[in-house]
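The values are calculated or read from the model by the stated rules, or taken from the named source; none is laboratory data. All values derive from a computational prediction rather than experimental measurement. For neighbour counting, all protein chains shown are included, and Cβ atoms are generated from backbone atoms with ideal geometry for every residue, glycine included. Note: accessible area is taken over every heavy atom of the protein model, side chains too, but ligands, DNA and RNA are not part of it. Shrake-Rupley method; radii C 1.70, N 1.55, O 1.52, S 1.80 Å.
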Amino acid sequence: KIISNNSLCTQTLAKYNIPVTETGFSFKPIHLEAEGRPSQGPLLFLLVGGNNPFMRKNSHKILEAFEALPANTQEWKLTITLNTDVCFTSSHPNVTIINRHLSYQQILQLFRTHHVYCQLTTNEGLGLNKYEAMLYDLFILTYDTEPYKDDLTHNENAHLIPAKKMPMFDNKDSIIPANTFLISDLTAALEELLGKKQEIMNFTKQGNLE
């Protein structure tokens, strides 16, 4: 018996007439205290790049979309974390890049102190960072396709941008495609989010879990 934790797995296996039971992903309906998250000032975006920040997490493309925003705006800040020997920098005053190993508790502290989490990877089995961010009531910026949009509603707890399908670059035999995005689509989404900055800040204070 095969158990699936997301809709993409369920739909893909169904194409091969493989029976599957979808359980989804369950987490306790609790609101974790987001101490230190400001209710005024710039909208704070977060991307946890980890050990594969470029080929999988698209950190470079996400940074490029942010850098295309008006240079003089103080309405946003972006934090990117990565753990790699690759030199990855930005001269933009609104961008902070943390290039060192962070403990799990340090990463959770970043969730507590930001408003929007960027989940725009090339592929996900589940997308655990998304659910960790949701536990801390972050607004999610991600794709309009499975499994990214699972448990999300556009304009309620997330902003969904068009996913562009492409072959899986590291597995020519993959039965699912990879995802990417147009930088112009992401920049447009960021401009829209900044236009409702206070609404998003209020959302992340009140919590999205009943």
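Legend: calculated FRET efficiency, Ala188 to Thr89, from the Cβ-Cβ distance at R0 = 22 Å, rounded to 0.05, equals 0.30.
Note on the range 43-152: with charges restricted to the Cβ of Lys and Arg (+1) and Asp and Glu (-1), its dipole about the Cα centre is near 300 debye. Considering only Thr21, Thr153, Thr145, give the residue with the highest GNM mean-square fluctuation for the chain, with springs between Cα atoms whenever their separation is below 10 Å. Highest fluctuation of the listed residues: Thr21. Surface exposure of the chain, expressed per residue as accessible area with a 1.4 Å probe, stands at 50 Å². Rounded to the nearest 20, the Cβ-based charge dipole of the chain about its Cα centre (Lys and Arg +1, Asp and Glu -1) stands at 300 debye.
With a cut-off of 19 Å on the backbone N, the residues of the range 143-184 near the modelled label site 7 Å out from His60 along Cα-Cβ are 164, 166-171, 178-184.
Over all other residues within a Cβ to Cβ distance under 12 Å of Val95, the charged ones net out to -1, with Lys and Arg as +1 and Asp and Glu as -1. Only one item in (1) 19.9; (2) 20.8; (3) 17.9 matches Kirkwood radius over Cα pairs in Å derived from the coordinates shown, and that item is (3).
Beta bridges assigned by DSSP with both partners in the chain are antiparallel in approximately 10 percent of cases.
Extension gain for Glu75 to Asn5 (0.36 nm times residue separation, less C-alpha to C-alpha distance): 21.5 nm.
Between Ile98 and Asn52, the distance separating the two model label sites (each 7 Å from Cα on the Cα→Cβ line) works out to 2.2 nm. Of the peptides 71-78, 171-178, 50-57, the ranking by mean beta-carbon count within 10 Å, highest at the top, reads 50-57, 71-78, 171-178. With all protein chains in place and a 1.4 Å probe, the accessible surface of the chain carries 52 percent carbon and sulfur.
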